[in-house]
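Working notes, structure below.
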Amino acid sequence: SSAASDVYKRQVLKTVGIMTGDENGKFNPEAKVTRNEMAVVMCNLLDYTVASYKGTSPFTDVPEWAEPYVAACYTNGITSGYDAKTYGGSDTVTTGQAALMLLKALGYFQLSKDFGSDWQVATVKQGSKIDLFDGIVAGASTAMTRNDVAQLTLNTLESTMVETDGM
């Protein structure tokens, strides 16, 4: 994509307060995004009152700054840990993990049985159906850059929530 459209994407996300730059205002488009940082993006996207979740995360490996964000996402079923005590927040978030969080925000995959046997295959399939991966060339298990997360988030904002069939 062109540099101009990348700048536009960042402006949009900055304006809505979902993704901001570092302390020097730099967006660092090629920097990898951690699972902790992705929780922050999700909380901003979903407008959670993060402070009210402080101290509620079951994970023992999340730094203090990230804990309320991870706790908010965990409590609301947006993310889960590797196990009961380990979140793995300093690991880079993969395309599949980020897409799953965004799909859950849109109302998909509310129950683990919704996945069938492979969450990643189900995520890619559903994400593709709603054009979540437009402009993303990274594979499902690839670490996401800030630019890719920005694109994925914008695609989410442009996509539709789960459509119920009126049952």
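The values are calculated or read from the model by the stated rules, or taken from the named source; none is laboratory data. Model, not experiment: these values are computed from the prediction. No Cβ is skipped: glycine too gets one built from the backbone with ideal geometry, and neighbour counts run over all protein chains shown. Heavy atoms of the whole protein, side chains included, go into the accessibility calculation; ligands, DNA and RNA do not. Shrake-Rupley method; radii C 1.70, N 1.55, O 1.52, S 1.80 Å.
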Practice problem: Return a yes/no flag: does the stretch 144-162 have any residue that is over 16 Å from the mean Cα position of the chain (by Cα) and of a type in the set (A, V, I, L, M). | Solution: yes
Per the filter on the stretch 17-39, residues outside any helix (DSSP H, G or I), in contact (Cβ under 8 Å) with a residue 24 or more places away in the chain and at negative phi are Ile18, Met19, Phe27, Pro29, Glu30, Ala31, Lys32, Val33, Thr34
Checking Gly89, Gly77, Gly81, Gly96 in turn, the sole residue that is among the small types (Gly, Ala, Ser), in contact (Cβ under 8 Å) with a residue 12 or more places away in the chain and open to solvent by 30 Å² or more (accessible area, probe 1.4 Å) turns out to be Gly77
Taking the stretch 106-156 and keeping only residues that are of a type outside the set (S, T, N, Q), within 22 Å of Lys26 (Cα to Cα) and in contact with a Leu (Cβ under 8 Å, 6 or more places away or on another chain), one is left with Ile136, Met144, Ala150, Leu152, Leu154
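Being at pLDDT 90 or above and open to solvent by less than 80 Å² (accessible area, probe 1.4 Å) is the requirement here; does Thr160 meet it?
On the way: at pLDDT 90 or above: no; open to solvent by less than 80 Å² (accessible area, probe 1.4 Å): yes.
Answer is no for this residue.
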